[in-house]
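Since the structure comes first, as structure tokens, the remarks are kept for the end.
The values are calculated or read from the model by the stated rules, or taken from the named source; none is laboratory data. Predicted, not measured: the structure shown is a model, and the values here were computed from it. Quick reminder, even Gly has a Cβ in these numbers, built from the backbone with ideal geometry, and neighbours come from all protein chains shown. Keep in mind that these areas ignore ligands, DNA and RNA; they rest on the heavy atoms of the full protein, side chains included. Shrake-Rupley method; radii C 1.70, N 1.55, O 1.52, S 1.80 Å.
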Amino acid sequence: DYVVVKMIPDNRLPPRHLHSVHTGKTFAVIKWESPYDSPDQDMLYAVAVKDLVRKTDKIYKVKTRNSTVEYTIKKLEPGGKYHVIVQLGNMSKESSMKINTVPLSAPDALKIITEKDHILLFWKSLALKESNFNESRGYEIHMFDSLMNITAYLGNTTENFFKVSNLKIGHNYSFTVQARCLYSGQMCGEPATLLYDELGTGEDSSAAKAGRSTDVAAIVVPVLFLLLVTLGIGFVVLYMRHRRLQNSFTAFANSHYSSRLGSAIFSSGDDLGDEDDEAPMITGFSDDVPMVIA
């Protein structure tokens, strides 16, 4: 035996499994499920979006019979913070979540130019890659002194450069440039960071290391090449001297003794290997005759 039981739909239940699917700079895709499975009629949802920074509210209505609902909230601000509430139109129990939109990107090509008594920070306009950024919003610049462990706010500008003065010798600084923060510093862009040492190189750490490695390689490689060439020439010279000494010794030895004749002979060394039977032979010496060797 069995019994079929059909549950009575309860419209006072909250939407289920509310979560964020994707978040961009100006939109967020949210998803939830109906309070109960397989609705047999259209259900009206109220989606309330509270801007936690601006302290404003917006309400959107969604009507659907689907068990799973996906909705895109538009016209959000980059770097914003929002509280989203979803409930049935009859003001039943609610489901809520918080969303943080993606902030604006960091400015590109941040560089430093060193002047006599100050430095200049330069960067590319953020409007070149961010359609949601207006130059009138401007940028703000911060500086971190690693020696003093202090972060200072230097100011803001609508230009693509900023002048920094009164830097102390021997201190290392980190500069950050980002889209200006709005509404009490709660909606900011991503910062671009650049390290600056007391020598005023204006390079970040990775670029400085790469530059130093390149400079060292440019010096070491030619020196090693010259050393190898010098050693090669030295070996050739030593080999030639060794061969010359060996030939001279052979000539000297052959000019004083003939194995065929069994007696000592003298030769100039020019006719080595050319044994001449007519060469004068020394058979003896006299005490009163001086011996001259040419």
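Identify all residues within the range 59-92 that are loosely packed, with under 13 Cβ neighbours inside 10 Å and basic (Lys, Arg); write none if there are none.
Residues satisfying the conditions are Lys61, Lys63, Arg65, Lys74, Lys75.
This table checks each residue for (1) in contact with a strand residue (DSSP E or B) (Cβ under 8 Å, 6 or more places away or on another chain); (2) under 13 Å from His142 (Cβ atoms); (3) of a type outside the set (Val, Ile, Thr); (4) in the same structural domain as Leu126 (by the TED database).
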{"site": "Gly155", "(1), (2), (3), (4)": "yes, yes, yes, yes"}
{"site": "Phe162", "(1), (2), (3), (4)": "yes, yes, yes, yes"}
{"site": "His171", "(1), (2), (3), (4)": "yes, no, yes, yes"}
{"site": "Ser174", "(1), (2), (3), (4)": "yes, yes, yes, yes"}
{"site": "Val177", "(1), (2), (3), (4)": "yes, yes, no, yes"}
{"site": "Arg180", "(1), (2), (3), (4)": "yes, yes, yes, yes"}
{"site": "Ser184", "(1), (2), (3), (4)": "no, no, yes, yes"}
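Which of the residues spanning the range 62-86 are assigned to a strand (DSSP E or B) and out of contact with any strand residue (DSSP E or B) (no Cβ under 6 Å at 6 or more places or on another chain)? First the steps, then the outcome.
Step one: list which residues in the range 62-86 are assigned to a strand (DSSP E or B), which gives 62-64, 68-73, 81-86.
Answer for the range 62-86, where residues must be assigned to a strand (DSSP E or B) and out of contact with any strand residue (DSSP E or B) (no Cβ under 6 Å at 6 or more places or on another chain): just Thr64.
Looking only at the range 6-16, which residues are of a type in the set (A, V, I, L, M) and modelled with pLDDT of 80 or more?
Let us first name the residues in the range 6-16 that are of a type in the set (A, V, I, L, M), namely 7-8, 13.
Matches in the range 6-16: Leu13 only.
What number of residues within the range 143-160 are open to solvent by 90 Å² or more (accessible area, probe 1.4 Å) and not in a strand (DSSP E or B)?
4
Across the range 16-29, what is the number of residues that are in a loop (DSSP other than H, G, I, E, B) and of a type in the set (D, E, K, R)? If you could, list the steps in order and put the result at the bottom.
Let us first name the residues in the range 16-29 that are in a loop (DSSP other than H, G, I, E, B), namely 24-27.
From what's left, of a type in the set (D, E, K, R): 25.
So the count comes out to 1.
Out of all the residues in the range 165-191, which are modelled with pLDDT under 90, over 25 Å from the mean Cα position of the chain (by Cα) and within 26 Å of Thr114 (Cβ to Cβ)?
Ser165, Asn166, Leu167, Lys168, Ile169, Gly170 - these are the residues of the range 165-191 that are modelled with pLDDT under 90, over 25 Å from the mean Cα position of the chain (by Cα) and within 26 Å of Thr114 (Cβ to Cβ).
Could you grab the pairs with beta carbons closer than 7 Å, sequence gap of 6+ or different chains, first residue in the range 108-132 and under 19 Å from Arg180 (Cα atoms), second one modelled with pLDDT of 90 or more and open to solvent by 80 Å² or more (accessible area, probe 1.4 Å)?
Asp108/Lys124; Ala109/Lys124; Leu120/Phe161; Leu120/Lys163; Leu121/Phe161; Phe122/Lys111; Phe122/Phe161
Filter the range 120-136 for residues that are loosely packed, with under 12 Cβ neighbours inside 10 Å and not in a helix (DSSP H, G or I) and give the result. Step through it out loud before you land on a result.
Of the range 120-136, the ones loosely packed, with under 12 Cβ neighbours inside 10 Å are 128, 131, 136.
Listed by number, the list holds a single entry, Ser131.
Looking only at the range 13-24, which residues are open to solvent by less than 60 Å² (accessible area, probe 1.4 Å) and either over 15 Å from Gly89 (Cα atoms) or under 44 Å from the mean Cα position of the chain (by Cα) (or both)? Talk me through it step by step, then tell me what you get.
Filtering the range 13-24 down to residues open to solvent by less than 60 Å² (accessible area, probe 1.4 Å) leaves 14-15, 18, 20, 23-24.
Correct list: Leu18, Ser20, Thr23, Gly24.
Only residues that are aliphatic (A, V, I, L, M) and either surrounded by fewer than 18 Cβ atoms within 10 Å (Cβ to Cβ) or in a loop (DSSP other than H, G, I, E, B) (or both): list them for the range 165-183, please. Explain how you work it out, then say what you get.
Step one: of the range 165-183, the residues aliphatic (A, V, I, L, M) are 167, 169, 177, 179, 182.
Result: Leu167, Ile169, Leu182.
Which of the residues that make up the range 30-58 are open to solvent by 70 Å² or more (accessible area, probe 1.4 Å) and part of a strand (DSSP E or B)?
Going residue by residue through the range 30-58, those that are open to solvent by 70 Å² or more (accessible area, probe 1.4 Å) are 37-38, 40-42, 44, 50, 54-55, 57-58.
Leu44, Lys50, Asp57, Lys58 - these are the residues of the range 30-58 that are open to solvent by 70 Å² or more (accessible area, probe 1.4 Å) and part of a strand (DSSP E or B).
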